[in-house]
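Enquirer: Below are the structure tokens for one structure; questions will follow.
The values are calculated or read from the model by the stated rules, or taken from the named source; none is laboratory data. This is a predicted model, so every value here is computed, not measured. Don't worry about glycine lacking a Cβ; one is built from the backbone with ideal geometry, like all the others, and counts go over all protein chains shown.
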Amino acid sequence: MAIFVIIGRYSNVKIIIMSRFTEPPLSLYIHLPWCARKCPYCDFNSHEAKDVIPEEAYITALIEELDQSAITLANRPLISIFFGGGTPSLFSPQAIEAILQAVQKRFRFNQNIEITLEANPGTVDESRFKGFFAAGINRLSLGIQSLQNEKLKILGRIHDSDQALGAIRTAKAAGFTNFNLDLMYGLPDQSIPDALADIEMALAEHPTHFSWYQLTIEPNTFFYHQPPVLPLDDVIWEMQLAGQEKIAQRGFKQYEVSAYSLPNKHCLHNRNYWEFGDYLGIGAGAHSKISHVNEGTIQRFSQVKNPRDYLNTETRSKQNVTLLKETDLIFEFMLNALRLTDGIPYQYFYERTGLSNKEIEPFIHEALKRGFLVDDREHLCPSEQGKKYLNNLVGMFLT
């Protein structure tokens, strides 16, 4: 823990505030950017693998990047590792094992570290699942998106419903007991019964975690340039309410905007993002947020996005290195924390930003007045009204 001085401004009067700033938990994100096919709704940094994936060269680049980060971060234990993409399951189990071994040589692992790998049902079989499990992966996230073939075709997925269900069962047979299923709603031509049928079939497979989120049309996607016809907003709202009720009936608790879990099965990695923890991102286009307690600063940086540039030692470098300003810290903390349905302890604000709670008192007062927050001095928690109008609530902290 460090004590440092920050400057607050109220009505043109500068006030010196002594504030606590502590190192938050640290996670590692590993970006594997290749996929079998670019989905029309996807705006992630993913690239179709038209040739053989250069696994060995990419692992070498990841290790070189790890070596640079380990100089300053090796004393901090990792609470989670997340292989995201792209489609990480395109990499061989041997490649995943080599990456994890390299990480463990350079970083300490928390005793109960969560290690997640994203997988596409169309890219895995029994031997690969067994290989991933043996390599040290202890949590899977399966991108199902829908269990209706006509919807999967519209979404550009490479698997069908039978393959999706088969992948789930094969993963369980390989030893995975902790896994997430990703599903979307608000799909083209989707009715409320369609959405509820997807939920019913998915939860019948007994996942421990369930991600259920609305399809949104993002810039720089195929759907943005050729938008499909989506259900009306009123229908999507009714779909959301009906779906949340069905998910709750199966024993899942919503703990974040689009995340539901069984007891004690939250995604630790994503939760660390929402609680404004630190994360080191390696790989093409990966982003990082690192707190420097002794200096009283928080830094963000990112890697080059194109895999070819990342594999080139001359072009690989940290890009867009920035120190977060006071106003950035307030907004980014709230943007993440207010996604949690049960809120976040107030103490996290000053412990993880270094700012005094006095910096947000005017915003909190106004949000309480509008009924967007629960009146609780221990927790920063959105009310039911705040959850419904979350964008409005978060926007109040944008200065």
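Enquirer: What number of residues within the range 27-78 satisfy the criterion of being in a loop (DSSP other than H, G, I, E, B), within 19 Å of ILE99 (Cβ to Cβ) and of a type in the set (A, V, I, L, M)?
Expert: Residues meeting the conditions: 4.
Enquirer: Quick check on the range 183-193. Is at least one of its residues among the aromatic types (Phe, Trp, Tyr) and over 16 Å from LEU230 (Cβ atoms)?
Expert: Checked against the condition, which is being among the aromatic types (Phe, Trp, Tyr) and over 16 Å from LEU230 (Cβ atoms), the range 183-193 yields no hits at all.
Enquirer: Oh, and also: Within the range 107-121, take every residue that is over 17 Å from the mean Cα position of the chain (by Cα) and buried (at least 19 other Cβ atoms within 10 Å of the Cβ) and give me the one that is farthest from PHE179 (Cα to Cα).
Expert: So the residue we want is PHE107.
Enquirer: Can you pull out the strands (runs of 3 or more DSSP E) entirely within the range 187-270 that have at least 3 residues that are of a type outside the set (S, T, N, Q) and crowded, with 18+ Cβ neighbours inside 10 Å?
Expert: Qualifying strands (runs of 3 or more DSSP E): 209-214.
Enquirer: Of the numbered conditions (1) surrounded by fewer than 19 Cβ atoms within 10 Å (Cβ to Cβ); (2) among the hydrophobic types (A, V, I, L, M, F, W, C); (3) under 30 Å from LEU215 (Cα atoms), TRP34 fails exactly one; give the number of that condition.
Expert: (1)
Enquirer: Give me the pairs: first residue in the range 369-381 and touching a residue at least 40 places away in the same chain (Cβ under 8 Å), second residue assigned to a strand (DSSP E or B), beta-carbon distance under 6 Å, and six or more apart or on different chains, which are they?
Expert: Every condition considered, the pairs that remain are LEU380/ILE344.
Enquirer: Okay, next question. Would you say GLY296 is within 26 Å of GLY86 (Cβ to Cβ) and outside the structural domain of ASP194 (by TED's automatic domain parsing)?
Expert: For GLY296, the condition - within 26 Å of GLY86 (Cβ to Cβ) and outside the structural domain of ASP194 (by TED's automatic domain parsing) - is not met.
Enquirer: I need the full set of residues from the range 79-137 which are within 26 Å of ASP51 (Cβ to Cβ), of a type outside the set (Gly, Ala, Ser), in contact with a Leu (Cβ under 9 Å, 6 or more places away or on another chain) and part of a helix (DSSP H, G or I), in order please.
Expert: PRO88, LEU90, ILE96, ILE99, PRO121, THR123, PHE129, PHE132 - these are the residues of the range 79-137 that are within 26 Å of ASP51 (Cβ to Cβ), of a type outside the set (Gly, Ala, Ser), in contact with a Leu (Cβ under 9 Å, 6 or more places away or on another chain) and part of a helix (DSSP H, G or I).
Enquirer: If you scan the range 158-198, which residues turn out to be in contact with a Ser or Thr (Cβ under 7 Å, 6 or more places away or on another chain) and more than 24 Å from LEU262 (Cα to Cα)?
Expert: LEU187
Enquirer: Next up: Of everything in the range 298-317 that's out of contact with any strand residue (DSSP E or B) (no Cβ under 7 Å at 6 or more places or on another chain) and of a type in the set (S, T, N, Q), which residue is nearest to PRO24 (Cα to Cα)?
Expert: Among those that are out of contact with any strand residue (DSSP E or B) (no Cβ under 7 Å at 6 or more places or on another chain) and of a type in the set (S, T, N, Q), it is SER317.
Enquirer: So, one more: List pairs: first residue in the range 205-225 and assigned by TED's automatic domain parsing to the domain that holds HIS266 and farther than 17 Å from ALA259 by Cβ, second residue among the polar types (S, T, N, Q) and modelled with pLDDT under 95 anywhere in the structure, Cβ distance under 9 angstrom, at least six positions apart or on different chains.
Expert: none
Enquirer: Another question about this same structure. Out of everything in the range 272-282 that is within 23 Å of LEU393 (Cβ to Cβ) and touching a Ser or Thr at 6+ places or on another chain (Cβ under 9 Å), what residue ends up being surrounded by the fewest Cβ atoms within 10 Å (Cβ to Cβ)?
Expert: In this case the residue turns out to be TYR273.
Enquirer: Does any residue in the range 295-322 that is under 13 Å from ILE282 (Cβ atoms) come within less than 7 Å, Cβ to Cβ, of a residue that is in a loop (DSSP other than H, G, I, E, B) and among the polar types (S, T, N, Q) six or more places away or on a different chain, and which pairs are these?
Expert: VAL304/THR315; VAL304/SER317
Enquirer: Within the range 283-294, is there a residue that is surrounded by fewer than 20 Cβ atoms within 10 Å (Cβ to Cβ), over 20 Å from the mean Cα position of the chain (by Cα), among the aliphatic types (A, V, I, L, M) and more than 23 Å from TYR58 (Cα to Cα)?
Expert: Looking through the range 283-294, at least one residue is surrounded by fewer than 20 Cβ atoms within 10 Å (Cβ to Cβ), over 20 Å from the mean Cα position of the chain (by Cα), among the aliphatic types (A, V, I, L, M) and more than 23 Å from TYR58 (Cα to Cα).
Enquirer: Could you tell me whether LEU152 is surrounded by 15 or more Cβ atoms within 10 Å (Cβ to Cβ), aliphatic (A, V, I, L, M) and either within 21 Å of the chain's Cα centre (by Cα) or farther than 18 Å from ARG37 by Cα (or both)?
Expert: So LEU152 fails the test.
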